[in-house]
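The values are calculated or read from the model by the stated rules, or taken from the named source; none is laboratory data. Owing to the predicted nature of the structure, the values given are computational and were not obtained by experimental measurement. When we count neighbours, we look across all protein chains shown, and the Cβ atoms used for this are built from the backbone with ideal geometry, even at glycine. Remember, those area values only see protein heavy atoms, side chains included, never the ligands or the DNA or RNA. Shrake-Rupley method; radii C 1.70, N 1.55, O 1.52, S 1.80 Å.
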Amino acid sequence: MRDMRLLELVIHGPLGPRPYYLDHRIVSVSGPVNTGKTSMADAIGFVLGQKVNWKLAFKRYVSHVELRLRLQDNEVWLRRHVRNPKYVEVLDLGRELVERLPVKAPSRQEAADEATLSDRLLGWLDLKETIAPDEVRAVNRRAARLGFLDVWPYLYRTQREIDRQVILHQDRNSARKHVFELLFGLTDPRAQILQARLKECEKSLREQSATHQTLQRFFEKSTTTPEQAVAEHQTACQEKEALQEQLRRVREQARAVSRSADPLRREVDQARQSQTEAAAQRHAADTRVDQAYEAVRSLKRSLAEHDPVFTSCPACAAALAGRTVPAGHCALCLQPQTSNNGETQRDRLQALHDQAVDKLAQAEQEAGLAAQTHREATTRATEAEDKLQAYQTQELAPLQETIEELVARNAATKERITTLQTQQEHYERLQEIEAGIRATQEEITDLKEKLKKLDDQLSSRRRSLNDMDERFQEVIDVLQLPWYNGNASLDHSNYLPLIDQQTFTDLGGGTQAAVNVAYSFALLQHALLSRTTNLPGLLIIDSISKNIGANPKDRALADRIYEYALKTAAAWESTPFSGSRDCQLIILDNDRPKPKLRDQIHEIPLSYDAPLIPGVSHDDTGEAITSE
């Protein structure tokens, strides 16, 4: 058994801190409904890392909770804030801060190994390597990790669950069984490590087998065996080397042929250059023709404007044709002209016009010569290009076709090599996986053998279940349950109580609550008397009377539970291990214990005038308002 004693609980409410002293073997917390009994137990669980759905009064008026407790030889203060519950502060006995611990393990991978509150609590109880050994996480980082909150339900029987289920919800049945086996020595922490490694190996074997089947299907569809693939791969590589060598030689030959055509290329280049120059000269000649023609036209218009020609009289419209005009006389009125200025201007324009006509004729002659030169240059360029093309067609084209053929064959060979290489890699991978499967199977066999040996070693411990049966039978006999026929035991397959071969869920609500209490008493008694258990010596039971019933018979059953608790405490005092093993029982209920029992119990009375949170008064709905 692990020593665990709650020493002092401090509630920090609107009127300041309110301490509750718990350092006694049996503590009774009693009071009417809505005075804070369940909230006191929840406050204890809250400081130890439990998530709590607070009532309005606690949520509104309590800032933080402190708990002084002793775990084995470690006595510390713990503090947790209601509005910032992510961390719990560890204080020394002088209330100085030692460290802040996260309640939940950090999600960041780099902080995955950071200590949590659960790690500290289990460490102080010397249960860290029993409940949550680090080696299990080292073997499998994704493995679900047990913690202190998996142990806490064995220590706190809540009002909400005492008449509904035993220890943990059904969806956590596997965790409940595992924690039970660890706490009562029915398994060994080494088994966790072996089981974690076994699960990893079995998962690895499934993955390897799936990959092996995929590769086998690949080879079944292939027409080439792995051995043939290796041989063909080698042949294909040789073919590739030969093709590349042949391709190199043909390309070198093609380059030599191409170099021999360089004179023809130079001839083509020169012919093209001459053609370009002739084209430029032809264009220049054509431009000069256009310019000369435009000059002739311009001078012709100027002559027409200077010496207009009349075909009829502008006054009477009589025809002027057929008349003889003497020299130096007006063509219209036949009068002698007195000045020769106009004749001089006209002569000058006529002279310019005649010169322009001569230049036009010369330009047209030059343009014809330039056109002839351009045609001849074009013919020479075409002949040079045809000669080069004929040479390339005759000498170079066959080599180019050979190169294209070799390139295509080389590409096909490369693709074939890639396919064969993939087959070869798959075959090598298949061999690796087969070797890995054999190694994993051998490790699984070895792990199972080790687990069997360990299981054989623990078989003697499992006989302690018979002792638990006797303890449970004894408690049930003393409590005198209604309709009980005298057969009480634990189901050895799941460690849950059986009453007259009925499971817990088959029982009535009040009987379930009584059986739950008896179950917890039996486990605590067994832990006290056994040397092989790891159960902490603490039990908190909430609302026995309320969950059992209020009629006289139900009340008598509740009294028998109190009497048995006192008897159990007396047995704790007389056990030879009492000096080193400490047990504590805290009972929360509406009614006080019977008067004859009160002198043996430390009482903490709560009332509407003195509730759990001083300065707050409660109405009958459980809501809260501050006192005036």
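Looking across 101, 93, 122, one residue alone is closer than 23 Å to residue 585 by Cβ and modelled with pLDDT of 90 or more. It is 122.
Against the numbered list (1) under 27 Å from residue 522 (Cα atoms); (2) at pLDDT 90 or above; (3) open to solvent by less than 30 Å² (accessible area, probe 1.4 Å), residue 1 comes up short only at (2). For the stretch 44-76, filtering for residues that are surrounded by fewer than 20 Cβ atoms within 10 Å (Cβ to Cβ), part of a strand (DSSP E or B) and among the basic types (Lys, Arg) leaves 1.
Residues to consider are 352, 360, 369, 399; find the one that is within 60 Å of the chain's Cα centre (by Cα) and among the aliphatic types (A, V, I, L, M). Testing whether each residue is within 60 Å of the chain's Cα centre (by Cα) and among the aliphatic types (A, V, I, L, M) leaves just 399. With respect to (1) over 44 Å from the mean Cα position of the chain (by Cα); (2) within 28 Å of residue 116 (Cα to Cα); (3) open to solvent by less than 50 Å² (accessible area, probe 1.4 Å), the lone exception for residue 30 is condition (2). If you go through the stretch 234-254 and keep only what is touching a residue at least 60 places away in the same chain (Cβ under 8 Å) and of a type in the set (Lys, Arg), you end up with 240, 251. Please determine, by comparing only the residues of the stretch 469-500 that are open to solvent by 60 Å² or more (accessible area, probe 1.4 Å) and farther than 26 Å from residue 556 by Cβ, which one is farthest from the chain's Cα centre (by Cα). Here the residue is 492. Here residue 377 fits the description: open to solvent by less than 60 Å² (accessible area, probe 1.4 Å) and in contact (Cβ under 8 Å) with a residue 12 or more places away in the chain. For the stretch 446-497, the set of residues classified as more than 19 Å from residue 182 (Cβ to Cβ), assigned to a strand (DSSP E or B) and without any contact (Cβ under 8 Å) to a residue 40 or more places away in the chain consists of 488, 489, listed by residue number. Which of the residues spanning the stretch 218-253 are in a helix (DSSP H, G or I) and either at positive phi or hydroxyl-bearing (Ser, Thr, Tyr) (or both)? Within the stretch 218-253, 235 is the sole residue that qualifies. If the condition is being within 30 Å of residue 494 (Cβ to Cβ) and open to solvent by less than 30 Å² (accessible area, probe 1.4 Å), then the stretch 428-468 contributes 444, 447, 451, 454, 458, 464, 465, 468. Exactly one residue out of 277, 252, 202 is modelled with pLDDT of 90 or more, open to solvent by 50 Å² or more (accessible area, probe 1.4 Å) and under 30 Å from residue 447 (Cα atoms): that is 202.
Pairs only if they're at least six apart or on different chains, beta carbon under 7 angstrom, first in the stretch 255-272 and under 16 Å from residue 398 (Cα atoms), second open to solvent by less than 60 Å² (accessible area, probe 1.4 Å) and in a helix (DSSP H, G or I); list them, first residue then second. Close Cβ pairs (under 7 Å, with a partner that is open to solvent by less than 60 Å² (accessible area, probe 1.4 Å) and in a helix (DSSP H, G or I)) amount to 257/396; 257/399; 258/396; 261/388; 261/392. Every listed requirement among (1) over 30 Å from residue 597 (Cβ atoms); (2) within 41 Å of the chain's Cα centre (by Cα) is met by residue 47 save one, (1).
To keep it simple, each residue is scored yes or no on (1) hydroxyl-bearing (Ser, Thr, Tyr); (2) more than 35 Å from the chain's Cα centre (by Cα).
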position: 37; (1), (2): no, yes
position: 40; (1), (2): no, yes
position: 54; (1), (2): no, no
position: 61; (1), (2): yes, yes
position: 68; (1), (2): no, yes
position: 77; (1), (2): no, yes
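Scan the stretch 409-427 for residues that are open to solvent by 60 Å² or more (accessible area, probe 1.4 Å) and under 30 Å from residue 258 (Cα atoms) and jot them down. 409, 414, listed by residue number. Of the residues making up the stretch 222-262, those that are among the charged types (D, E, K, R) and either more than 22 Å from residue 421 (Cβ to Cβ) or over 51 Å from the mean Cα position of the chain (by Cα) (or both) number 8.
For residues in the stretch 104-113 being assigned to a loop (DSSP other than H, G, I, E, B) and of a type outside the set (Lys, Arg), which is modelled with the lowest pLDDT? Step by step, filter the stretch 104-113, then rank; the result is 112.
Of all residues in the stretch 180-215, those satisfying the criterion of being of a type in the set (D, E, K, R) and assigned to a helix (DSSP H, G or I) are 181, 190, 197, 199, 200, 202, 203, 206, 207. Residues that are open to solvent by 80 Å² or more (accessible area, probe 1.4 Å) and touching a residue at least 12 places away in the same chain (Cβ under 8 Å) within the stretch 284-294 comprise 288, 291, 293, listed in sequence order.
At least 2 residues being at pLDDT 80 or above and over 17 Å from residue 55 (Cα atoms) is the threshold, and among the strands (runs of 3 or more DSSP E) wholly inside the stretch 584-628 those reaching it are 584-589, 602-605.
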